[in-house]
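> Supplied in structure tokens, the structure appears directly below.
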Amino acid sequence: MIRLARHYGGHPQQQWPPLFYGILRNRITDCLRRRRVRGRVLRWWSATGPDDAAADLPEQVPDPAGRPEEQLEGGQLLERLEQALAELPDRQREAFLLRNFEGLDVAQTALAMGCSEGSVKTHYFRAVHALRERIGAGA
């Protein structure tokens, strides 16, 4: 948020959400690169490097939500969705998540992803069809 305010404070307010997601995407990419390099260095220095590097994975955080009985059906669907999303190419996954989970329109998504609106439509279309095939086949 500080980077957004510092560098883009003069931009119109409707441009802030896609700019924020673009900044966030770049920071996540930087973090993943650092983690990959750290994993290589740890692996080189000791045999326990990869285990230590994976110790902070988000998947290891317990679900703070309610009892399992209440979430069984929704949890299974969510699990299939997460698996299907993980199998998508990065750009398709990014377009799908920005459009559906963050509620950005095509223009805002294009600005956040740093590509054209037509490219966003193509990535989103392919993601939706791939997800329908993967989740629909398992339902």
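Computed from the coordinates by the stated procedures, all read-outs in this text should not be read as laboratory data. Note that the structure is predicted; figures quoted are calculated from it, not measured. Ideal geometry is used to build each Cβ from the backbone, glycine not excepted, and the neighbour counts take in all protein chains shown.
> From the residues Phe125, Gln108, Ala95, which one has its Cα farthest along the dipole of segment 73-139 in the positive direction, the dipole being from +1 and -1 charges on Cβ of Lys/Arg and Asp/Glu about the Cα centre?
Checked the options; the winner is Phe125.
> In what order do Phe101, Phe125, Phe96, Phe20 fall by count of nearby beta-carbon atoms within 10 Å, going from fewest to most?
With the fewest neighbours first, Phe101, Phe125, Phe96, Phe20 line up as Phe101, Phe125, Phe20, Phe96.
> For Ala107 and Ile28 in one chain, what is 0.36 nm times their gap in residues minus the Cα-Cα distance, to one decimal in nm?
Taking Ala107 through Ile28 to full extension adds about 26.3 nm, to one decimal.
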